[in-house]
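Read the structure below first, then the notes.
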Amino acid sequence: KVESIQSKTLCQIFEEYISDARKSIDIDVKKDTVYSYERTYDLLKDYMKITYKRKDFSLQELNLSFIEKFNIYLRSELNHKKNTAVKHLRCLMRVVNVAIANRHLTFDPFQSFKVQRETPERIFLTEEELRTLINKDFKVKRLERVRDLFIFCCFTGLSYSDAKTLSPEHFETDANGRVWIKKKRVKTGVLFRVPLLPIPKLI
């Protein structure tokens, strides 16, 4: 007896994956992660419509050409940088791997395709540039807040996601009266503790 394979489409497994992920928000999955998959799904639908004049694909139709053309679409049509394109390709690869694990697909279309990020060249601000930014006056209140958040991150080492989720409970005062930030990293879950220096304390 040969076990039959349940036929599903790419859109079906993507919608199922996103639906399950939404139910796990703040449990196992971050809201931003779900948004990444939703964005990839939207781009994938546009790609199928523009490139193939189709709304969906059977999983059995997925192949190396489909993936390579999706990559080209992201890079050329949408002008995405390599790492942005890789982010969307990894979302697609994750959904395809789930389909393989659930036996909806008998082969891996990503087997011959390398999904690899490139290490960006990081440019650091000089002390003079940082000082100029601190003293810059903005007429728009929103830009002032963005500037303050950036400066706060510079002096504390917090990432944007860590600063975004900061709340009063993450500030503590030691026996000597010094204020510290004690919090778990959003991305890794690792606990960190950093002192609140005068400038971020002022902010």
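The values are calculated or read from the model by the stated rules, or taken from the named source; none is laboratory data. Every value quoted in this text rests on a predicted model; they were computed, and no experiment measured them. Methodologically, a virtual Cβ is constructed for each residue, glycine included, from the backbone with ideal geometry; neighbour enumeration extends over all protein chains shown. The protein model used for the area step is the full one, side chains on, heavy atoms only, and it has no ligands, DNA or RNA in it. Shrake-Rupley method; radii C 1.70, N 1.55, O 1.52, S 1.80 Å.
Overview of results
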read-out: Protein accessible area in segment 73-203, 1.4 Å probe - carbon and sulfur %; value: 52
read-out: Computed E for K141/S167 - FRET, C-beta separation, R0 25 angstrom, nearest 0.05; value: 0.70
read-out: Overall dimensions of segment 141-187 by Cα: Rg and Dmax, Å; value: 11.9, 37
read-out: Correct option for Kirkwood radius over Cα pairs in Å [calculated from the coordinates] among [x] 20.7; [y] 20.1; [z] 17.5; value: [x]
read-out: Segment 120-197: chymotrypsin sites (Phe, Trp or Tyr not before Pro) falling in loop per DSSP and having at most 14 other Cβ within 10 Å; value: F124, F138
read-out: Mean residue ellipticity (222 nm) of the chain, computed from DSSP H runs ≥ 4 via -39,500 (n - 2.57), nearest 500; value: -15500 deg cm²/dmol
read-out: √(5λ) per eigenvalue of the Cα gyration tensor, segment 19-117, largest first, Å; value: 21, 18, 14
read-out: Dipole-positive endmost among Y52, A85, A163 within segment 52-203 (Cβ charges, Cα centre); value: Y52
read-out: GNM top mover of A175, A163, A99 - the chain, alpha-carbon springs below 10 Å; value: A175
read-out: Heavy-atom accessible area per residue - segment 1-153, 1.4 Å, Å²; value: 72
read-out: Of the DSSP H helices in the chain, those whose Cα atoms cover at least 24 Å axially and whose Kyte score averages 0.5 or more; value: 82-101
read-out: Computed label-point distance, nm, for sites R117 and V194 using a 7 Å Cα→Cβ extension; value: 1.8
